[in-house]
Structure formats: C-alpha cells, structure tokens
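The values are calculated or read from the model by the stated rules, or taken from the named source; none is laboratory data. Keep in mind it's a predicted model, so treat the numbers as computed, not measured. Cβ: placed from backbone, ideal geometry, glycine included. Neighbour counts: every protein chain shown.
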Amino acid sequence: MSASRLFAAAGVALVVSLPATARSQGLPLVRSPATRADSLEAGFRLAAAVAPQTARRMQPGRLLRIGKWTMLGAAVGMGAYALVRSQDAEQQYEALRQLCDADQSRCQLQGRQYADPEAEALYQTAILHDRRARIGIIGAQVSLLGSVALFIADLENDRGPADIPYPSRFRPVTAVGLRFTR
C-alpha cells in the first residue's frame, strides 16, 4: 500500500494532528476567523504538503501500524458519538410524546408540520439528532472497515516470531519435515 493512499485513508486523523505536525515541520500557523469548511480545507492542504516528507522518513510498516489503530480509534469515537446523538434524539421524542399525552390539541398537524411551535421544535431537534447519529454510524462503519483492511494488510509483514503462519522473505518455509528457503 503506498504512503499516499494510506494518508488518504487516515486523513481524518491527520487533520486532527495538523497543528503539532505543522510546528514540527517549521510551518507557520495563522489563526483567523474562518469557517469550519475553510479550516478543514486548509488542514487537507497542509496534510498534502506534509505527507510526502513524513512518508519518506517513516517506514511503511510503521505507517500501517499507526493507520490501523488510528482508524480503529476513529471507529470507536464515531460509534460513541452516534450513541450519544441517538440518546439525545430519543429524549426529544420522549418529550414530544409527553407533550402530546398531556394535551392532544398541541400535536395537531397543519400540512406536514405540528401546529404548536414547541412540538415542532422538539420534532425538528429529534430529527436533527437522528441524522447526526446516522452520520456517526456510517462513519464508524467506514472507519472500522478501513481499520480491518489495514489490519489485514499488516498481517504480511517481516517482523514477529517464526511460529506465525505467514511466511516472509526472512523466515524459511517448512513442509512435511523438509525445509525450503526462499
């Protein structure tokens, strides 16, 4: 796996660590009132500038080890985020149910909206949290799949004891008492 593809797969983790990376590379950090999208774009531009230098210094096996654990951590973090957002949505739905149980007239629909502004606000907030939970679940699944792919790619490395059943160019292959070397 090339270093550029690994950095693309672990881009989220790299953007998070950009300020420290930029300081270590001697790049100036300019703080300005920018939007989140501008900051993210600037982060990816900085990652693109720093990635080739970092890839030349680091060994490919080390990049795999860092990438697989980073992606696994991102999957756990996104799963926790999705769980919290789902619980928030459930609280909003419960508040809406209690409001409707207390007074049915407040839950009448006008077109596709609740007539009562408080009921509509609870419903819209619940939908917002549900969407965020869905995004977190999808992100966690993608990160988990990426982590599994990196774990599988790291199985065929040149380190580790000789009793691991994945031969490398440094460990001999044995079969039925005969010993073959590559």
Among residues belonging to the range 137-147 that are within 18 Å of V84 (Cβ to Cβ) and more than 9 Å from the chain's Cα centre (by Cα), point out the one that is surrounded by the fewest Cβ atoms within 10 Å (Cβ to Cβ). I138
Only unsatisfied item for A102, checking (1) surrounded by 12 or more Cβ atoms within 10 Å (Cβ to Cβ); (2) over 21 Å from L145 (Cβ atoms), is (1)
What tally of residues in the range 128-170 results from selecting those that are at pLDDT below 85 and of a type in the set (S, T, N, Q)? 2
List the residue pairs whose Cβ atoms are under 8 Å apart, where the first residue sits in the range 62-75 and is in contact (Cβ under 8 Å) with a residue 40 or more places away in the chain and crowded, with 17+ Cβ neighbours inside 10 Å, the second is not in a helix (DSSP H, G or I) and not aliphatic (A, V, I, L, M), and the two are 6 or more positions apart or on different chains. L64/N157
